[in-house]
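Written out below as structure tokens is the structure these notes cover.
The values are calculated or read from the model by the stated rules, or taken from the named source; none is laboratory data. Model, not experiment: these values are computed from the prediction. Cβ atoms come from the backbone with ideal geometry, glycine included; neighbour counts cover every protein chain shown. All accessible areas refer to the heavy atoms of the entire protein, side chains included, with ligands and DNA or RNA removed. Shrake-Rupley method; radii C 1.70, N 1.55, O 1.52, S 1.80 Å.
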Amino acid sequence: MLYEEQMNHNENILIIDDVETNRLVLEEIIKNMGYCPILAESGEQALEMLKDCCPQLILTDISMPGMDGYELCKILKGKEETKNIPVVFISAYDNPEDIVEGFFIGGEDYITKPFISEVVKARVGVHLRLHEAKRDLMQTNRRLQISVTEQLKQMEQEKKNILYALANIAVQDSDNKKEHLRRLGHNCKILAQGMQLSPLFEGKVSDTFVDTIELAAPLCDIGNIGVPKELLQEGKVLSDKELEIVQGHTSIGAKILKDLNASNDYNDFISTSIDIVQHHHEKWDGSGYPSGLKGEEIPLAAQIVSVAELYGSMREESGRDREQTLESMREYAGVMLNPDIFEICCKISRQLS
């Protein structure tokens, strides 16, 4: 199942820039996409306009007289009526520190000047699709809260809807293929089932956890939608600056899922997904990212995904058979991988795809 819902092209996009030329360039690009641009010269003017309209996306310059783009974003994210509107920063600067600061205060993306029409169209399209998916899913959660009994009946299907909608967006912006994601989910489930038979994980891996990790694991790189596509190409050598941007996909993905999380007792799927998305690049010896977690500090779901992901990648990329793959992985046990989970992986490897 793929998320292929067509946009209705009635979307309003608020463009904020103190330079008229920039506003006009973006206005023309947005019009050519079939959307409705709304122009503002300053953050103060934008706030006044937002009292009468609710755009689906905001493009704001960072450096402006008076209220800058960062201050505007903080105000928007602090208001109930505007906190869910995605904000994309536009700037002539591409300093990684500026980009990270933008994400930290709630921005969804970053577009640099001079504008490249196809880049603007791609980024705007991604965030409109994502905003619509998030909006639909939040509305679904609110409807399900009417009846706890009805919520429990529909939860499995709703989890799958979230998975397929978001995973499809990630596939569009990366080299990951749908079959790779399906295999990752399957292998995580098999590995978790094997852990249920080990006294080392007694009480830690329930049947619900097994089912949930199968659905959640394919979302591990969903944050790639916030990374320039050219940086995700297989075999590309990255500079330190580019590597920092790519590694930021863990925080971007976690933020997306946190925005979807509702305040009830039945969204274990979302909480497990957040653990995986944010921490699947942590390493057992503490040398991973983004938090440098070590050993059991790493969420169990993320530990499982690390093992299954490395197994699948090695088999797919090099064509190794099962035994060759496990032998190559052994050097990472206790360094990158939980050694106990790796040993269980070896024992049940014939069941892995």
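Can you name every residue in segment 234-246 that is at pLDDT 85 or above and either hydroxyl-bearing (Ser, Thr, Tyr) or open to solvent by 60 Å² or more (accessible area, probe 1.4 Å) (or both)?
Keep residues of segment 234-246 that are at pLDDT 85 or above, which gives 237-246.
Once the filter is applied, which keeps residues that are at pLDDT 85 or above and either hydroxyl-bearing (Ser, Thr, Tyr) or open to solvent by 60 Å² or more (accessible area, probe 1.4 Å) (or both), segment 234-246 yields 237, 239, 240, 241, 243, 244.
Please determine, by comparing only the residues of segment 179-208 that are assigned to a loop (DSSP other than H, G, I, E, B) and in contact with a Leu (Cβ under 9 Å, 6 or more places away or on another chain), which one is surrounded by the fewest Cβ atoms within 10 Å (Cβ to Cβ). Before you say what the answer is, go through the steps one by one.
Quick first cut of segment 179-208, residues assigned to a loop (DSSP other than H, G, I, E, B) only: 197-198, 202-206.
Still in the list and also in contact with a Leu (Cβ under 9 Å, 6 or more places away or on another chain): 204-205.
On the way: 204: 12, 205: 21.
The qualifying residue surrounded by the fewest Cβ atoms within 10 Å (Cβ to Cβ) is 204.
So, residue 101, is that one in contact (Cβ under 8 Å) with a residue 12 or more places away in the chain, open to solvent by 20 Å² or more (accessible area, probe 1.4 Å), over 17 Å from the mean Cα position of the chain (by Cα) and within 28 Å of residue 52 (Cα to Cα) or not? Explain how you work it out, then say what you get.
Working: in contact (Cβ under 8 Å) with a residue 12 or more places away in the chain: yes; open to solvent by 20 Å² or more (accessible area, probe 1.4 Å): yes; over 17 Å from the mean Cα position of the chain (by Cα): yes; within 28 Å of residue 52 (Cα to Cα): no.
When the stated conditions are applied, residue 101 does not pass them.
For segment 291-312, indicate whether the set of residues that are under 26 Å from the mean Cα position of the chain (by Cα) and on the phi > 0 side of the Ramachandran plot is non-empty.
Within segment 291-312, one or more residues are under 26 Å from the mean Cα position of the chain (by Cα) and on the phi > 0 side of the Ramachandran plot.
Quick one: which residue in 211, 259, 275, 285 is charged (D, E, K, R) and outside any helix (DSSP H, G or I)? Steps first, please.
Working: 211 fails: outside any helix (DSSP H, G or I); 259 fails: outside any helix (DSSP H, G or I); 275 fails: outside any helix (DSSP H, G or I).
Testing whether each residue is charged (D, E, K, R) and outside any helix (DSSP H, G or I) leaves just 285.
Keeping to segment 315-336, report how many residues are exposed (fewer than 13 other Cβ atoms within 10 Å of the Cβ) and under 24 Å from residue 179 (Cβ atoms). Working first, answer last.
Looking only at segment 315-336, we keep the residues that are exposed (fewer than 13 other Cβ atoms within 10 Å of the Cβ), and these are 317-319, 321, 323, 327, 331, 335.
With under 24 Å from residue 179 (Cβ atoms) added as a condition, the list becomes 317-319, 321, 323.
Selection size over segment 315-336: 5.
Filter segment 256-299 for residues that are over 20 Å from residue 103 (Cβ atoms), open to solvent by less than 20 Å² (accessible area, probe 1.4 Å) and modelled with pLDDT of 95 or more and give the result.
Once the filter is applied, which keeps residues that are over 20 Å from residue 103 (Cβ atoms), open to solvent by less than 20 Å² (accessible area, probe 1.4 Å) and modelled with pLDDT of 95 or more, segment 256-299 yields 295, 298.
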